[in-house]
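Nothing in this text is a laboratory measurement; each read-out follows from the coordinates by a stated rule. The model shown is predicted, which means the values in this text are computed figures rather than measured ones. Ideal geometry is used to build each Cβ from the backbone, glycine not excepted, and the neighbour counts take in all protein chains shown.
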Amino acid sequence: MQSNQLLASLRPKDRRQLITACDVVELFNGDIVWEPQSRVRHVYFPLDCFIAQLLPVVARENLELALVGNEGMLGTALVLGVTSSTLQARVQGSGSALCMSAATFCRELEHLPALRQQLNRYVYVLQAQLALTAACIRFHSLDLRLARWLLMTHDRAGMRKIHLTHKFLAQMLGVRRVGITNAAGILQEQKLLSYSRGEITILNRAGLEKVSCTCYQSSKHVYERVLG
């Protein structure tokens with residue numbers, strides 16, 4: 001089982017205290033962790049799962065704004081003193097996470113200054129990454145955006161083969177299914193990936209990075225610069 005990078009960055013004593021207050025839970029692909037405007041009752045530190053944060057745009061249509069894996073946490077609204085989220089949180093990759101009640105998490109924030117400092121930095125990183133996502137949606141072509149999204153998913157899944165349907169990809173990227181078919185076709189022609197029956201296999205990771213929009217590397221650089 002992997003560790004969570006945010007928790008791993010804490011001093012051993014603080015990390016043990018925090019992990020002791022958590023339960024290990026199993027999350028499964030498609031699970032809804034919370035709906036928009038609902039109260040944040042738990043926070044999650046993914047270990048080997050990853051969770052999409054989606055903005056409802058119209059009925060039954062969502063746009064993915066962030067993807068959280070073991071590099072981060074779900075529930076940052078509580079860091080800012082806000083008890084609800086405007087986004088839907090949906091599990092995109094099955095696996096384990098450390099789970100803590102909102103009340104316990106808020107107490108730990110008060111007792112562990114190093115935790116609050118690290119999470120403040122993480123919130124800053126998320127804001128910067130959201131700005132990059134907004135620019136990416138506005139200015140970059142769909143095939144470049146798809147390459148970026150697949151790289152982000154691969155980073156968190158740790159596997160070359162990822163189960164994703166065209167319908168799901170279209171919902172994530174806020175486009176029609178035909179757009180995903182065309183964009184995936186462009187990447188397949190370059191022999192960067194193969195797609196069959198909802199299974200995407202990344203054939204050339206380095207090549208996918210080369211054709212991806214610059215937002216992918218920019219997002220990684222922000223994380224590394226601020227959180228190390």
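General remarks:
- Ordering S218, T83, F45 by the projection of their Cα atoms onto the charge dipole of the chain, which places +1 on the Cβ of Lys and Arg and -1 on the Cβ of Asp and Glu, puts S218 at the extreme positive end.
- Between helix 113-139 and the chain there is an angle of about 20 degrees, using the helix long axis and the longest principal axis of the Cα atoms.
- S84 versus E26: modelled label distance in nm, points set 7 Å from Cα along the beta carbon direction: 3.3 nm
- The distance linking region 131-204 with region 45-111 is 22 Å (Cα centroid to Cα centroid, whole angstrom).
- A Gaussian network model of the chain, with springs between Cα atoms under 10 Å, assigns the largest mean-square fluctuation among R39, R177, R138 to R138.
- Taking 0.36 nm per residue of separation and subtracting the current Cα-Cα distance, fully stretching the chain between R16 and E199 would add 62.0 nm.
- The chain: angle of helix 215-227 to the longest principal axis, Cα-based, in degrees nearest 10: 20 degrees
- In percent, rounded to a whole number, the relative contact order of the chain is 21, using alpha-carbon pairs under 8 Å and six or more apart.
- Less than 5 angstrom separates the built amide H of W34 from those of A89, all sequence-distant by 5 or more or on a different chain.
- Each Cα pair under 8 Å and six or more residues apart adds its separation to the average, and for region 141-212 the resulting relative contact order is 42 percent.
- A cut-off of 5 Å between modelled amide H atoms, ignoring neighbours fewer than 5 places along the same chain, links L203 with L193, S194.
- E35-S218 FRET efficiency (beta carbon distance; Förster radius 35 Å; 0.05 resolution): 0.70
- Most mobile of L98, L87, L112 in a GNM of the chain (Cα contacts under 10 Å): L112
- Fully extended contour minus Cα-Cα distance, from T104 to K191, at 0.36 nm per residue: 26.5 nm
- Between 0 and 90°, nearest 10: helix 177-189 axis offset from the chain longest Cα axis: 80 degrees
- Check: the chain dipole with +1 on Lys, Arg Cβ and -1 on Asp, Glu Cβ, in debye: 280 debye
- The residues F105, F28, when put in order of fewest to most other Cβ atoms within 10 Å, stand as F28, F105.
- Build a GNM of the chain with springs between Cα atoms under 10 Å apart, and of Y216, Y124, Y44 the one that fluctuates most is Y124.
- Region 5-135: relative contact order as a whole-number percent, Cα under 8 Å and 6+ apart: 34 percent
- The calculated Kirkwood hydrodynamic radius for the chain is 18.2 Å, given to one decimal from all distinct C-alpha pairs.
- Near the amide H of S85, within less than 5 Å, lie the amide hydrogens of Q37, S38, V40, all on another chain or at least 5 residues away, with H placed in the peptide plane.
- Label-to-label distance, nm, for residues given as A134 and R177 (7 Å Cα→Cβ offset): 3.2 nm
- Restricting attention to the chain, lysine pairs at least eight places apart or on different chains and with alpha-carbon atoms under 23 angstrom apart total 6.
- Dipole magnitude for region 141-212: computed about the Cα centre from +1 point charges on Lys and Arg Cβ and -1 point charges on Asp and Glu Cβ, it is near 120 debye.
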